[in-house]
Amino acid sequence: GKGNHRHYMLKEIFEQPAVIGETLRSMWNPASGIIELPPVDIDLAAVSRVTIVACGTSFLSGMVAKYWFERVARIPVDIDIASEFRYRDSPLEKGGLSIFISQSGETIDTLAALRHAKAAGQKTIAIVNVPESTMAREADGVLPTLAGPEIGVASTKAFTCQLVLLACLVIATARARGAIDGAAEARLSNAIAEVPSRAAEVLNGDEGIQALAAQVAEARDVLYIGRNTGYPIALEGALKLKEISYIHAEGYAAGELKHGPIALIDETVPVIVIAPSDDLFEKTFSNMQEVMARGGKVIFLSDEKGCAHIGDAAWGTIALPAVHPFVAPILYAIPVQLLAYHVAVLKGTDVDQPRNLAKSVTVE
Ligand code: F6R
């Protein structure tokens, strides 16, 4: 049931500290602090190229993983949405690793892409939330997220569990390839170990997020911007908002704004800025100033240090705990879920069963 919550979506958002913890404990030994993946019959040390394929929100966790694999494990990643990948006949290196990400494990395009990759001689890993699903049965290796059943059509807890799992996979791969030393690995592992308690802190800020929803609910268009792993979180925020509130929303890489989308900005357009304190903070900050100079209403998501930088110049700020930049996308996913949720409730839409959408897309 929904427990004390008004919707499954809200219940699932609030379950995140617990289910992220569950997923983490399946791959992380608290005694040693070492990440150990469940056994998969794939030699991570031999992997030289990764292909990631998925749809929708699962695709966006893959996009975060691309940044992580490239930066931390020094492995080039190709990523595509399954409906494109399955028909574009990409030349796949024999023995390369392909990763398929799916909450349901049944999405038809992702399943077809998995079959295509297998036929082309790829090693395949399925990251699924339903362990008895078709993808889990057909892939060479399975890494299950332990989010528990997700009822709300909009994916929330499955997404953050995918991210935690992918973060562990990246660390294990980086170690196997000798791409990071023990000290660097320990820093990343410690950062991941903190995520459940930090996620709980983010949820404690729900009232502040709810307070911003009324004005977003008035908007016709909303933009989300971010850089690096903040970019897929911007895309995810926009996807969540449009699917449950039916407000038109777009996510952009912050640096891409001036190549077109900035023309949309006026006093009626809220711009949600994903800006954790990291090595690109200043760049994102200056993109935000360009937005404010054109009258855009900025909602600024950062940690205390970043929020101090902006003072009261933004229309709204959402302060998150300061964390290692590696895990920031996992935490910044939560306020964009909550914002979409509260806006949808104000709009009076069917939050758990948005129009035209199915939980699992098993026909093309
Ligand atoms: C968005 C959403 C969808 C799914 C997509 C893939 O909130 O839920 O975009 O992420 O349909 O579904 P799975 O992960 O089951 O393959």
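For this structure, a couple of remarks:
- Residue ID - farthest from the ligand (Cβ to nearest atom), chosen from residues in region 104-123 that are assigned to a loop (DSSP other than H, G, I, E, B) and in contact (Cβ under 8 Å) with a residue 60 or more places away in the chain: Gln122
- Residues (farther than 18 Å from Ala31 by Cβ and of a type outside the set (S, T, N, Q)) located in region 163-174: Leu163, Val164, Leu165, Leu166, Ala167, Leu169, Val170, Ala174
- Any hit, region 170-183, residues being over 20 Å from Ser48 (Cα atoms) and either within 14 Å of the ligand (Cβ to nearest atom) or without any contact (Cβ under 8 Å) to a residue 60 or more places away in the chain (or both): yes
- Those residues of region 125-145 which are of a type in the set (Ser, Thr, Tyr), surrounded by fewer than 23 Cβ atoms within 10 Å (Cβ to Cβ) and in contact with a Ser or Thr (Cβ under 8 Å, 6 or more places away or on another chain), in sequence order: Ser133
- All positions within region 264-284 that are among the aromatic types (Phe, Trp, Tyr) and touching a Phe, Trp or Tyr at 6+ places or on another chain (Cβ under 8 Å): none
- Condition met for Gly230 (more than 21 Å from Val351 (Cβ to Cβ), among the small types (Gly, Ala, Ser), more than 16 Å from the ligand (Cβ to nearest atom) and touching a strand residue (DSSP E or B) at 6+ places or on another chain (Cβ under 6 Å)): yes
- Of the strands (runs of 3 or more DSSP E) lying entirely inside region 256-364, those containing at least 2 residues that are under 23 Å from the mean Cα position of the chain (by Cα) and either charged (D, E, K, R) or more than 28 Å from Gly21 (Cα to Cα) (or both) span 270-274, 297-303.
- Of all residues in region 229-256, those that are under 13 Å from Thr57 (Cα atoms) have Cβ atoms under 9 Å from Cβ atoms of residues that are outside any helix (DSSP H, G or I) and within 11 Å of the ligand (Cβ to nearest atom), 6 or more apart or on another chain, in Leu239/Ala154; Lys240/Ala154; Lys240/Ser155; Lys240/Thr156; Glu243/Val153; Glu243/Ala154; Glu243/Pro354; Glu243/Leu357.
- Selected residue (only one of Ala238, Ala234, Ala214 is in contact with an Asp or Glu (Cβ under 7 Å, 6 or more places away or on another chain), part of a helix (DSSP H, G or I) and closer than 21 Å to Ala154 by Cβ): Ala238
- Beta carbons closer than 8 Å, at least 6 apart along the sequence or on distinct chains, pair a first residue in region 315-327 that is touching a residue at least 60 places away in the same chain (Cβ under 8 Å) and of a type in the set (A, V, I, L, M, F, W, C) with a second that is buried (at least 21 other Cβ atoms within 10 Å of the Cβ) and assigned to a loop (DSSP other than H, G, I, E, B) for Leu320/Pro276; Val323/Pro276.
- Every residue from region 340-359 that is of a type outside the set (Val, Ile, Thr), surrounded by 15 or more Cβ atoms within 10 Å (Cβ to Cβ) and within 14 Å of the ligand (Cβ to nearest atom): Ala340, Tyr341, Ala344, Asp352, Gln353, Pro354, Lys359
Read-outs throughout are calculated quantities, based only on the coordinates presented, and are distinct from any laboratory measurement. The structure displayed is predicted, hence computed values, not measured ones. Ideal geometry is used to build each Cβ from the backbone, glycine not excepted, and the neighbour counts take in all protein chains shown.
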